[in-house]
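Below you'll find the structure, written out as structure tokens, and then a few comments.
Read-outs throughout are calculated quantities, based only on the coordinates presented, and are distinct from any laboratory measurement. Quick caveat: nothing in here was measured; it's all calculated off a predicted structure. Quick reminder, even Gly has a Cβ in these numbers, built from the backbone with ideal geometry, and neighbours come from all protein chains shown.
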Amino acid sequence: MVVRRRRWAAAARAHFGGERVIVVASLIALVLAEVGTVTRFARGETPPAIVDAPRARYRQAERAMSEKNWIEAHRILIDLWQTTKTHDVAASLAVVEYQLGRYLHAARSMTFAIQNLPPKEKPEVGERYREGLAEIRSHLGTLLVSVSRPRAEVLIDGVSIGQSPLESDVHVLPGTHEFEARDERGSVKETVTIGAGESRTLRLALAARSAALSATERATAPPRSGRSLPGEDPTPPQGETQRSTIPIYVGLGFTAVGIATALGFGIVADGKAGDARAFERRLPPNGCNDASASAEECAAARDALDDQRRNAILSNVGLGIGLAAGVGTLAYVIFWPSSSGKPATGARTDLNLTMTGREVILSGSF
């Protein structure tokens, strides 16, 4: 395996040139050497994490990498990653993604490989992984992002990357990016411009909510569904009562029914009064006291008068109910306590009722 590593390092230097590629070539050689540990099976040593069918797929990826067929190697490793999420698969995937110019994906894969390296692994493996990550970071911007409150959602350019505190550094492509932290109590945004190979620290400070809302906020804040802010008393201040609209609708209903009843029975009473006057005109001058008066017409006249009185009474009762309901509703609207606990001032009511013939006129101002 040592011979293979040296061959890879020499081939990479000859093919690419430059000192930087030595790190990548060494990392590739290390990844390929991991597959060669199959000889340890024969010696009864603990097998690596990749066995049986996954190991065969890993060998296919190794061959594709040795042939510099990075696209085929990436396809095989992505498929293998669905079932075998181990440090060596992640490291191999990082190498292939680096060669394809997918630096963000490569950084994530190599970070996973470092975080999930078994304690029993040789120290040089972890050292090579960290060197590889450093090479990948030379093409990216790296930020250590902290948030002033835990469990706040963190977003980069509108895409969520997890909740605070974040488990690792954040890698971004060189350029300008918008960082945001938000929770149920507020949000904060910061715009950062960073270049390739730069490392920065970014702290997102979510504003603390004041213990109580100001008087202006209380007056303008929309109603909330049973949830109060931290430090805010969920009950309204003393003297402030929420007005219910139910009495208004009930009062308007009784007003309408009462006026309709008064009009209906008033019309009937007016008709009966006309019938009674018609019967009286057919009677002698002395009315039913005259001996010549017809008993039937006198009875019909009395019945008409009784009906007129009965319907007039019902009309007056309906009118009374309607007026009482209307005045009560109006008083409820005008004189209900305001937020300061005092009734509204400056209101004036003026109601006028006029009954002429078959008309009942209700007017007023307030």
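Couple of notes before you dig in:
- Fully extended contour minus Cα-Cα distance, from residue 146 to residue 166, at 0.36 nm per residue: 6.5 nm
- Contour minus Cα-Cα distance for residue 178 and residue 196 (0.36 nm per residue): 4.8 nm
- Each Lys or Arg adds one and each Asp or Glu takes one away; over the other residues whose Cβ falls under 15 Å from the Cβ of residue 143, this sums to -2.
- Approximate spin-label separation residue 246-residue 124, in nm, with each point projected 7 Å along Cα-to-Cβ: 8.3 nm
- Each peptide in 254-261, 156-163 gets a packing score, the mean of other Cβ atoms within 10 Å over its residues, and the list from highest to lowest is 254-261, 156-163.
- Packing here is the average count of other Cβ atoms within 10 Å per residue, and on that basis the peptides 173-180, 94-101, 314-321, highest first, run 94-101, 314-321, 173-180.
- Cβ-derived FRET efficiency at R0 35 Å, residue 316 paired with residue 278, nearest 0.05: 0.90
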